[in-house]
Amino acid sequence: MNALHTHLSRTLAPALARQLALADLLGERGWQVDISAGTVTFGDDLTYPIQLLGTESHGDQTWLWAWANSGIQIPPALLRAAEWLRGYGREHGIPELTEASHPLDRADGHLLALLAGGLTGQCYYRGPYQGGALFFLVEQAPAVVTAPAAPQRVLTVLTQAIQMYPVDHRTLVDSFLRQQDYAVTATQDDVSGQRSDGSTIRVSFDPQGRITNLAGALRPADV
């Protein structure tokens, strides 16, 4: 597992939970970015500040970081997050965050944006256009997006996350449950979590650290 996926193990699940919540909020709304204002508007009723991450090119199948895009004039204020990620990549030896461009089969926009969202506590949006797509962080998302997920969704997120990218399952589970306000207890074979509302989750692992079973309850078993 390379450095990128090692760090993704800690951040993927919370980032994915916010993405699912954002999708619920946006529904079928369209999107429009105003670079000069530094905002995105979804439909005609939701407007949020943004931070530009980068673009995917369908033609040559490459990713280009926004800070390396000389084709358009981007206000420096919209590059703070991308520049911070660049510094994070230098500090932790993640070349996908520091190199201006690379092939999508190495790390596509969704992977990079999930890592960005996980590290910053934000969510992201993929805005398609002819020939490619723009990825950006959506700032100041409402609490319905950023709040801890319902127990049913926690299980959904864990199931989906381990299917998306190669990650360390135990790290993913432990970090996600703590981020979701569970009190976590870990043994060699499983990781369990309990919230103050009584909901519980237990995740079991095989000797290689891979998830073998997910179980949850909305309240303690003895209630």
(message) I need the full set of residues from region 185-223 which are more than 22 Å from Gln160 (Cα to Cα), modelled with pLDDT under 95, open to solvent by less than 100 Å² (accessible area, probe 1.4 Å) and of a type in the set (Ser, Thr, Tyr), in order please.
(response) Thr187
(message) Between a residue in region 76-92 that is farther than 16 Å from Glu139 by Cβ and any residue that is open to solvent by 30 Å² or more (accessible area, probe 1.4 Å) and part of a helix (DSSP H, G or I), which pairs come within a Cβ distance under 6 Å, given they are 6 or more apart or on different chains?
(response) Arg86/Thr98; Gly89/Thr98; Arg90/Thr98
(message) Conditions first: (1) open to solvent by less than 20 Å² (accessible area, probe 1.4 Å); (2) assigned to a loop (DSSP other than H, G, I, E, B). Ser9 passes all but one, so which condition is the exception?
(response) (2)
(request) Would you confirm whether any residue within region 23-44 is over 22 Å from Leu115 (Cβ atoms), in contact with a Lys or Arg (Cβ under 9 Å, 6 or more places away or on another chain), aliphatic (A, V, I, L, M) and modelled with pLDDT of 95 or more? (result) no
(request) Looking at (1) part of a helix (DSSP H, G or I); (2) within 22 Å of Asn2 (Cβ to Cβ), find the lone condition where Ala23 falls short. (result) (2)
(request) Determine if region 167-174 includes at least one residue that is at pLDDT 95 or above and exposed (fewer than 14 other Cβ atoms within 10 Å of the Cβ). (result) no
(request) Determine which member of the set Tyr165, Tyr129, Tyr182 is over 24 Å from Ala37 (Cβ atoms), among the aromatic types (Phe, Trp, Tyr) and more than 14 Å from the chain's Cα centre (by Cα). (result) Tyr182
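The values are calculated or read from the model by the stated rules, or taken from the named source; none is laboratory data. Everything quoted here is computed from the prediction, not taken from an experiment. Cβ atoms come from the backbone with ideal geometry, glycine included; neighbour counts cover every protein chain shown. To get the accessible areas, we keep the full protein, side chains included, count just its heavy atoms, and leave off ligands, DNA and RNA. Shrake-Rupley method; radii C 1.70, N 1.55, O 1.52, S 1.80 Å.
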